[in-house]
Structures are given as structure tokens and as C-alpha cells.
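Below you'll find the structure, written out as C-alpha cells, and then a few comments.
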């Protein structure tokens, strides 16, 4: 099992949903990056369950920074984050450990790890493992902000309810950082919440689309082929549980456009090269062009539902039925947006340090 991503700055995730602790190791960080525990706590709070529209599992996430930080600054050595699991209940999983939950990784994990995998709460496959990812993302996001790079994600649609798109990018991103339920049109929160609660009442779940924007990325970052900005962001974003699609700029909308409307004409603005439109989402030939990076991510409905479903018992080798028990999210879209922000921060921080040097994100005395 490979759990490390990145080239210059790397992130390693470890732990299981119902184990003693989960955590992350950030390696390759420049010395002198300021660490704000308040910012880490804030990011973790955006990922935390939100009342009736989320799981009843309540984790306070009292994280510990156990290495790589001294007097509030990174030392340049590996930074390790630990988060205890304090509200795990394993009984409902152990009772039916051999029943493959539809839409989950139970069967594929069993095939790959020969029955040695931890089945409790999905083990290492659980969305719970995104907590240390978000803690690491808070550190990288703060460092990027000081270099003028800002990231924001909103719920573009949820269960067929659509939010407005990005308009004033800087102010929209700033507003999203403070919102527990990340919509740009406040009225849409009520409609989306109602849709989640309706699915929950039916023992079902819903999904949606997240739209992300990055402003402040300089032109000339990325590679042409296998390490293009789209390639690396897609690789990383698809690592988030429940992600099933990603598109950049107009994405699949290009299929019905002509080149004359799909192209982004260039112009000079205040001595800088810009484009009049941004259909390509700030990326040409795999390399940033200085315009905002725009992409959308599809989050599927939470696979654990309380309706009876057909499955198999892979130990007895027979058909079976399964109705979920325990505490589960009827929707994870609203919790996933800060995970997308965090993984985006990792990819961009890694790309920038490759382009401008390993000390790029650090501070000097």
C-alpha cells in the first residue's frame, strides 16, 4: 500500500478509522514557515460533521504537532501530525465484516490484502483519514497565501440544487474560508440542506459537484506531459474518497463549442499577459498561464445507506443482503470541500517549490 504523494514536498498518510490514531507526515518543507495552530483547527472544523446533515460520529480532532516545528516555525525536518480517534464504535462493522458494502472498498481491499485489512469503519480507506490531510493542507494553504496564492471551493450543486458561480473571485474565496456550508448564494443552503434531510429520511444519500478556484498562481508552473498541472491535480483529487470525476475550465462543455469560442484570446493588461476569457481554467499545455485555475469535482452519493441492498458474503461465497447500521453521512459534499482545498494546496506547493526552489515557501530572518 502506497501512502505518499508529492515530489519536492511529500505527504504521507497513516492510520485507520477505528485505530488509536491517524496522522500525516509532511516532508520537504522549507525552514521558517509559520505554523498557526488556530488555522489548523479552523480547517479541521470545516471538515467536521454538521448536525443532522452529517454523521453522528463526533471527533474533536485535538491534533498534536510532534516534530518539525520549533517556536512556531518549521525546522525543515519532517513535520508529523497526530490526531486521536476518540469516538469510534466498531461493533456494527465486526458483526458483518464479510459482507461487502456496495459502493465501498470492502471487497477490493479483501482481494488485495488477503483478509488482513482492518474492516472497522473502512479502515485505512475511510474518509476519516482526510482529517490529517486537512491539517497538513492548513499549513500549506497558509504558506501559499503569504505568496499571494489563494484557494477556495464552493458547492456548485448538491442533489440538483445549484449555487451561483464565482463572480468576484478574491472576495468569494475570502468569504468561503469562513463558511461552514460553502455556498456563494446563502439562500441555496436551505434548499441543499432540505435535500440532504429528505434523502436521510428515506434511508438514502445524495452527492454533488464542488467548484474550486485558485488565484495568484504565476505563469510557467507545471510540465508538458505526465506532470501537467491537470495531471497532478487530478491524481491527487481522485485520491479523496467518493470523488468520481474532475474537469478543468469548460471541461466537458468543450464538446459542444467551436474553437473560435473555446479559445482564450490574449491581451496585455497593466504590463502583463492576460486572456480575455478563461475557458481553459488557467492552464495551457499543462502549464499555468497566470489566469485563475478553475476546476470542478464530482462527489458521489455516500455509499453507506440504510436501505436493504444485495451483496455477497465473500467468506461463505454466497449471496446475501445488507442494511447498514451505525452512524453515517447522508451527504459528504459539504465536508469534502476543505479536503479538496487541502489536496490542492499540497499539489500547488509542490509544483511551486519545484519551479522556484525548495526554500520558496519559507521565511528568512
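Quick notes
- Among residues of region 296-310 being touching a helix residue (DSSP H, G or I) at 6+ places or on another chain (Cβ under 9 Å) and part of a strand (DSSP E or B), the one that is farthest from residue 127 (Cα to Cα) is 296.
- The lone exception for residue 62 - which of (1) modelled with pLDDT under 90; (2) part of a loop (DSSP other than H, G, I, E, B); (3) over 24 Å from residue 244 (Cβ atoms) it fails: (1)
- Screening region 75-97 for residues that are out of contact with any strand residue (DSSP E or B) (no Cβ under 8 Å at 6 or more places or on another chain) and under 26 Å from residue 136 (Cβ atoms) and picking the one that is modelled with the lowest pLDDT gives 88.
- Conditions (1) crowded, with 17+ Cβ neighbours inside 10 Å; (2) more than 30 Å from residue 313 (Cα to Cα); (3) more than 19 Å from the chain's Cα centre (by Cα); number of the one not met by residue 142: (3)
- Note on region 223-295: enclosed strands (runs of 3 or more DSSP E) holding 1 or more residues that are more than 30 Å from residue 105 (Cβ to Cβ) and either modelled with pLDDT of 95 or more or out of contact with any strand residue (DSSP E or B) (no Cβ under 8 Å at 6 or more places or on another chain) (or both) are 266-269, 272-275.
- Single residue of region 171-187 satisfying the filter (part of a helix (DSSP H, G or I) and touching a strand residue (DSSP E or B) at 6+ places or on another chain (Cβ under 6 Å)) that is nearest to residue 151 (Cα to Cα): 173
- Output for region 117-160, where each listed residue is under 26 Å from residue 302 (Cβ atoms) and free of Cβ contacts under 8 Å to residues at least 12 places away in the same chain: 117
- Test result for residue 123, modelled with pLDDT under 95 and not in a loop (DSSP other than H, G, I, E, B): yes
- Checked against (1) in contact with a helix residue (DSSP H, G or I) (Cβ under 8 Å, 6 or more places away or on another chain); (2) surrounded by 12 or more Cβ atoms within 10 Å (Cβ to Cβ), residue 285 passes all but condition (1).
The values are calculated or read from the model by the stated rules, or taken from the named source; none is laboratory data. The structure displayed is predicted, hence computed values, not measured ones. A quick note on method: Cβ atoms are made from the backbone with ideal geometry, for glycine too, and the neighbour counts reach across all protein chains shown.
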